[in-house]
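The structure appears right after this line, and notes come after that.
The values are calculated or read from the model by the stated rules, or taken from the named source; none is laboratory data. The structure displayed is predicted, hence computed values, not measured ones. Cβ placement follows ideal geometry from the backbone for every residue including glycine, while neighbour counts extend to all protein chains displayed. Ligands, DNA and RNA are excluded from the accessible area calculation, which covers all protein heavy atoms including side chains. Shrake-Rupley method; radii C 1.70, N 1.55, O 1.52, S 1.80 Å.
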Amino acid sequence: MRWGLVPVYIVLFVTSVLMAAPLVLTIFSSLKSPDQFLRAPWVPPSPPVFDNFVSAWYRGRFNVYFKNSVMISTIDASLMALIATMAAYALAFLRFPGNRALLVILILGLMAPVTALILPLYAVMNSFGLVNTRLAVIAADLALALPFFIFIVRAYFLNLPAELRDAAKVDGANEFQVFWNVMFPLAKPIVVVVVLLEFLWSWNDLLLRLVFLTKDPLRTLTVGLLFFQGLHTHDPGGSAAAALILAGPVIILFLLFQRQFIQGLTQGAFK
């Protein structure tokens, strides 16, 4: 053992404990009755109680909110991957009037905070009659996150060998064929990053869903959790179970695709 690394190990251990403690406490709380929680919050549940999950799923209408979140986040991530890669390819390789001006506009889009844009976005969506529709949230998500993803995918494309595109052009492929058959398959690692990040941001977003989706059948899990915790302030077990229902799918998704995610980040995404 290298004793010089002991302080590093201690810091890493303490950091891991501090990061894991809230999740462990949430899991314990979700499996306890109110009496068990008040007696010993940090002690594992004995026996575990699953009534909190049933209450959140049915009484809290999380079964409806879960479907809405899955639908919106999946469409968001899929459209973002397609639009961002096509736009990034055009900005990386095509020369057209206004190319540089468009990059500047995208940079300005990165600087604008969401809170400053929420009222103009609401006015636009309301004028088109899209308030209280899933399309309003999907369109707003894409518009706000697109500049960021275009930049990282463009950087990835610029780090790919230029000879591959030139060879495809010599073989007679048009621009779309070069993009779809050559560049898009090579960009799979960064596409995975785009899909995972956009899914995560869409899944966890509260502000846009709270503003645009005011009808209960359209609510997502984040809004549902907000109202559930407001109605069950004296039920820590139910609130913990509701929080785990919200966090569970994202945790599982990142555990399944963590290798592809790291690969995409380290192959030119932020160079």
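Just a few scattered comments:
- Percent carbon-and-sulfur accessible area, segment 70-221, ignoring ligands, DNA and RNA, probe 1.4 Å: 71 percent
- Listed candidates [x] 1.06; [y] 0.95; [z] 1.01 - label of the one calculated as Rg/Rh (Cα atoms, Kirkwood Rh): [x]
- Segment Leu231-Gln258, extension gain: residue separation times 0.36 nm, minus the distance between their alpha carbons: 6.1 nm
- Cα convex hull volume per residue for segment 194-270 (Å³): 111 Å³
- A crude spin-label estimate for the pair Phe50 and Asn181, with each label 7 Å from Cα along the Cβ direction, gives 5.2 nm.
- Length gained on full extension, Asn174 to Leu200: 5.9 nm, using 0.36 nm per residue less the C-alpha separation.
- Ranked by how many other beta carbons lie within 10 Å on average, peptides 201-207, 234-240 from highest: 234-240, 201-207
- Using alpha-carbon coordinates, inclination of helix 62-93 to the longest axis of the chain, degrees: 20 degrees
- Percent of Cα pairs exceeding the 24 Å cut-off, where the set is segment 118-247: 51 percent
- Where labels lie 7 Å past Cα in the beta-carbon direction, separation of Leu38 and Leu82 in nm: 5.4 nm
- In degrees, nearest ten, helix 134-158 long axis to first principal axis of the chain (Cα): 60 degrees
- Overall, the chain carries a charge dipole of about 120 debye about its Cα centre when +1 sits on the Cβ of Lys and Arg and -1 on the Cβ of Asp and Glu, all other atoms neutral.
- Rolling a 1.4 angstrom probe over the protein heavy atoms with all chains in place gives the chain an accessible area of 56 Å² per residue.
- Mean Cβ neighbour count within 10 Å, used as a protection proxy, ranking 130-139, 94-103 highest first: 130-139, 94-103
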